[in-house]
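Okay, so here's the structure we're looking at.
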Amino acid sequence: MGNRGRYLFKNTSIFAIGELGNKLINFILVPLYTYVLTKEQYGTVDLIMTLSIMISPLVMLNLGEGLMRYAMDKDADYNQLSSIAIYAILFGFVISLLIFPLSAFSPIVYEYRVYFYLYVVLSATYSVVTSFMRGKELLKQYVCCNLLNTFLIAVFNIFFLVYLKSGVEGYLLAYILAKFICVILSLFLCRFIEKGKKFDFNVKLAKELALFSLAVVPTSLLWWCINSSDRIMITQMSGIAENGILAISYKIPSILVIFNNIFMQAWKFSAIKEKDSLDGEKFTNDMFQQYMISSMIISATMIIIIRIITKVLFAPNYYESWEASVFLLVGYVFMGLSTFVGTVYYVEKNMIGNMLSAVVGAVVNIVLNLILIPVLGPSGATLAALCCYFAVLVYRYIDTRKYQKINVFTKNNIAMYIMLLGIGLGIYINNIWGMAVSILIYAVFLLINRSYAVKLIKSRIKTIKEIKRSK
């Protein structure tokens, strides 16, 4: 694949270092949380973090995504973009003060409102600055900031939770202090202080960027609804302890999210560069096939061993979380595929199509949550998520074909999807026959894809050698 393959592989490698380091540290911390926090305490911090994820993009109009996309244009003016970002950050700090009166609607949130405010504004600021950093292709600096953030969270959490035994307050304070330090570092690396001394505020660019960002805000809200509304719904319908179980069920599948994030962050850069190439569609389909099979192999393997991992890593009272994790491991494959297809919207700057696909997912998710949570508890929430991600994939597959035809639903691919679902259902049934069926399907799945996997590995080795020779 020549230069385009090396470019994608180089960026993927950089993001891999950051993501794997972050997730490894986070993964190590999960057993600590399950032993020092009760299910009620973990459910509380998870609820606050979930709300923070929803609010953070709002307070600064999700400007980070817009900054990153516009900074990647060939004629981008970094000074003007950073000037707009500074105004957005100041606006976010002020508008976020509404958190204090609004938090009165939730007794749990109101008790920790100061921590909530600080984490929201610092997270939003960090997102804006590091997105700009990625747009400028300062990828190594971006990865370093993220690694430092995760490392500091670990250090502060050990200090506050183990040594001081500070509970919920210590958990939140650890995240706030880590984010504050990394915001300062990222501002320095992006030379924001220097830019602040010579403002160049372009009104026309600011309006254009604001329109792009405003179109992203509803999409962010909808994706929050898709990914996080189940936490609130299960808290209301089944209690805060059940939300603690649901929160833990997301931890093991997050390994698959690591893989998704690593590749997707790198793929955005390649997709933009391939926009006007003559064989861009063929290259995109090759990458889609490689990505799909790789993610499915990871997912299927984790489903087979999910009960063992859960038993080893978590406290006994969290063991039941494996059931909900099964559906997430299948669902995250479809989420990754829909993200790949949705990159077309990002390249074309068509955030309306992106938003409409999220509307479809949100509606499916909420309706199925209402139906399935009372029956299946946390497993119902994750089954709803699986259906939601698949619905988004179908919508995006149909809608993006006006720009680019990605072969999502070939006969072979559909067979692979069905096999993955079969593996998941067999394990979820939780008896010897279900296990036997899952292992059989898993073996056939690996057998079918063995030649493709070997070919993929050889291709990556060849790319590594080419990169070394070019240095």
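The values are calculated or read from the model by the stated rules, or taken from the named source; none is laboratory data. This is a predicted model, so every value here is computed, not measured. Every residue, glycine as well, gets a Cβ built from its backbone with ideal geometry; the counts of neighbours run over all protein chains shown. These area figures cover heavy atoms from the full protein model, side chains too; ligands, DNA and RNA do not enter into them. Shrake-Rupley method; radii C 1.70, N 1.55, O 1.52, S 1.80 Å.
The table below gives the values:
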item: Test result for Phe151, open to solvent by 30 Å² or more (accessible area, probe 1.4 Å) and assigned to a helix (DSSP H, G or I); result: yes
item: Residue tally, condition at pLDDT 85 or above and not in a helix (DSSP H, G or I), over segment 57-111; result: 0
item: Qualifying residue in segment 385-396 (condition: closer than 30 Å to Val36 by Cα, buried (at least 24 other Cβ atoms within 10 Å of the Cβ) and within 20 Å of the chain's Cα centre (by Cα)); result: yes
item: Residue list for segment 397-430, restricted to those being in a loop (DSSP other than H, G, I, E, B), free of Cβ contacts under 8 Å to residues at least 24 places away in the same chain and hydrophobic (A, V, I, L, M, F, W, C); result: Phe409
item: Residue among Val326, Val341, Val333 that alone is within 21 Å of Ile448 (Cβ to Cβ), within 23 Å of the chain's Cα centre (by Cα) and surrounded by 21 or more Cβ atoms within 10 Å (Cβ to Cβ); result: Val333
item: Selected residue [aromatic (Phe, Trp, Tyr) and touching a Ser or Thr at 6+ places or on another chain (Cβ under 9 Å)] from Tyr87, Tyr175, Tyr115; result: Tyr175
item: Matching entry among Ile95, Ile84, Ile108, Ile55 (being open to solvent by less than 30 Å² (accessible area, probe 1.4 Å), in contact (Cβ under 8 Å) with a residue 24 or more places away in the chain and hydrophobic (A, V, I, L, M, F, W, C)); result: Ile84
